[in-house]
Amino acid sequence: MKLKIMILFSILLMGFSSQACDICGCGVGSYYMGILPEFNKRFIGLRYQYNSLQSHLGPQGERTALTEDEKFHIAELWGAFQIGTRFRVMAFLPYNFNSREAVGMDEKTSKSGLGDIAVMGYYKVFESTHQTSNNRLFAHSLWAGAGVKLPTGKYDVTERDISNTDQPNNFQLGTGSTDFTANLAYDARLMDLGMNVNASYKINTTNSDDYLYGNKFTGNMLFYYKFLLNEKLRIAPNAGVRYENAAKDLASGQFDVAQSGGYMTSAILGAEVNVGKVSFGANWQAPINQNLGNHRVEAGNRVMTHVSFSF
């Protein structure tokens with residue numbers, strides 16, 4: 001039975017990867033999960049994310065007089081609540097700080113405000129622990145879930161020229177639409193060496209501006225090792241890869257937005273620290289291969305930090 005579940009899990013991952021999603025660094029981007037803080041019943045915490053983009057690049061990806069540098073700082077309240085042994089609910093409440101500089105025109109723009117709130121429910125498909133033939137402990141678990149993203153972040157219709165289907169629509173605090181996610185989380189650990197896999201597929205709906213952001217896929221695989229320094233202190237350095245795939249946005253119900261869609265693969269390097277009921281961590285994500293908006297958009301490095309409290 002478990003073998004069948006693992007095969008299904010692999011098929012789902014491959015199927016999601018062949019789909020597409022919009023990629024951007026702002027409040028309408030994908031949700032990154034990574035390794036969750038260790039908790040038994042519930043946790044609450046703060047996350048900070050920094051992302052950057054260059055948009056309106058030339059046909060070969062070169063900077064031009066029209067190129068814009070966009071930076072996105074996201075402060076996020078997040079948490080999870082365990083219901084019994086099988087169910088888990090997670091919630092994300094982001095506050096965004098966006099800035100944009102049109103270098104050729106010496107023009108700077110900024111905006112800040114509440115982003116789109118998301119709630120996700122997970123069901124534990126299985127969890128098992130056993131000893132291997134050489135008496136080493138092996139444990140793994142699989143969670144599957146679904147979620148909803150609410151249009152709580154402001155969507156500014158003046159950011160988009162409806163007559164220009166070449167214009168990216170990334171500089172928003174929210175999508176202006178109610179969207180849905182399907183999620184999988186798998187963790188396997190042999191003694192202190194582990195692997196964590198997350199996959200999320202986001203299905204978007206058309207907003208009141210008749211704009212549809214492309215459906216979104218985000219997947220990451222991280223390898224980690226837990227060092228137990230004393231009874232309360234654990235350090236888990238981790239490294240891995242993140243993959244994103246994007247379809248083009250749809251404007252006015254029928255026109256593909258040229259500077260949208262594409263794919264990106266990023267390398268991830270980070271560490272998680274657990275001190276009693278307090279967890280904190282950070283990771284750095286560097287693009288190693290990307291083609292966004294037909295090379296008219298380029299993503300920069302990303303940074304994420306968090307501190308969380310279990311109770």
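List of remarks:
- Looking at the chain, the pairs of alpha carbons with a distance over 26 Å make up 46% of the total.
- Cross-link pairs K111/K154; K202/K248; K232/K277; K111/K216; K41/K202 - those with Cα-Cα distance over 19 Å: K111/K216; K41/K202
- Estimated dipole of the chain in Debye, rounded to 20 [Cβ of Lys and Arg +1, of Asp and Glu -1, Cα centre]: 1600
- Taking label positions 7 Å along the Cα-Cβ direction at both I83 and H295, the computed distance is 5.0 nm, reported to one decimal.
- Restricted to Cα atoms, segment 45-128 shows a radius of gyration and a Dmax of 19.2, 59 angstrom.
- A full extension of the chain between T205 and A282 corresponds to an added length of 24.5 nm, given 0.36 nm per residue minus the alpha carbon distance.
- Axis angle, to the nearest 10 degrees, between helix 2-17 and the longest C-alpha principal axis of the chain: 10 degrees.
- Segment 167-311 - convex hull of alpha carbons, volume per residue in Å³: 127
- Rounded to the nearest whole Hz, the Karplus-based 3J(HN,Hα) values (6.51 cos²θ - 1.76 cosθ + 1.60, θ = phi - 60°) of segment 123-128 follow the sequence 10, 7, 5, 7, 8, 9, with x at glycine and proline.
- Dipole-positive endmost among S99, Y201, S177 within segment 99-224 (Cβ charges, Cα centre): Y201
- Ellipticity at 222 nm from helices only: DSSP H runs of n ≥ 4 in the chain, each -39500 (n - 2.57), divided by the residue count, give -1500 deg cm²/dmol.
- Model label zone, F126; criterion: amide N under 16 Å from point 7 Å along Cα-to-beta-carbon; scope segment 136-161: 138-144
- The H on the amide N of T152, modeled in the peptide plane, is under 5 Å from the matching H of I117, each at least 5 residues off or on a different chain.
- Backbone amide hydrogens, once placed in the peptide plane, bring T67 within less than 5 Å of G104, excluding anything fewer than 5 places away on its chain.
- Summed residue charge, Cβ within 10 Å of D69's Cβ, Lys/Arg positive, Asp/Glu negative: +1
- Average accessible area per residue (Å²) across the chain - probe 1.4 Å, nucleic acids and ligands excluded: 47
- Accessible surface of segment 89-152, 1.4 Å probe, proportion on carbon and sulfur as whole %: 55
- The slack between I235 and L46, meaning 0.36 nm per residue of separation minus the straight C-alpha distance, is 66.1 nm.
The values are calculated or read from the model by the stated rules, or taken from the named source; none is laboratory data. Model, not experiment: these values are computed from the prediction. Here the Cβ is made from the backbone with ideal geometry for all residues, glycine too, and neighbour counts use every protein chain on show. SASA here: full protein model, heavy atoms, side chains in, ligands and nucleic acids out. Shrake-Rupley method; radii C 1.70, N 1.55, O 1.52, S 1.80 Å.
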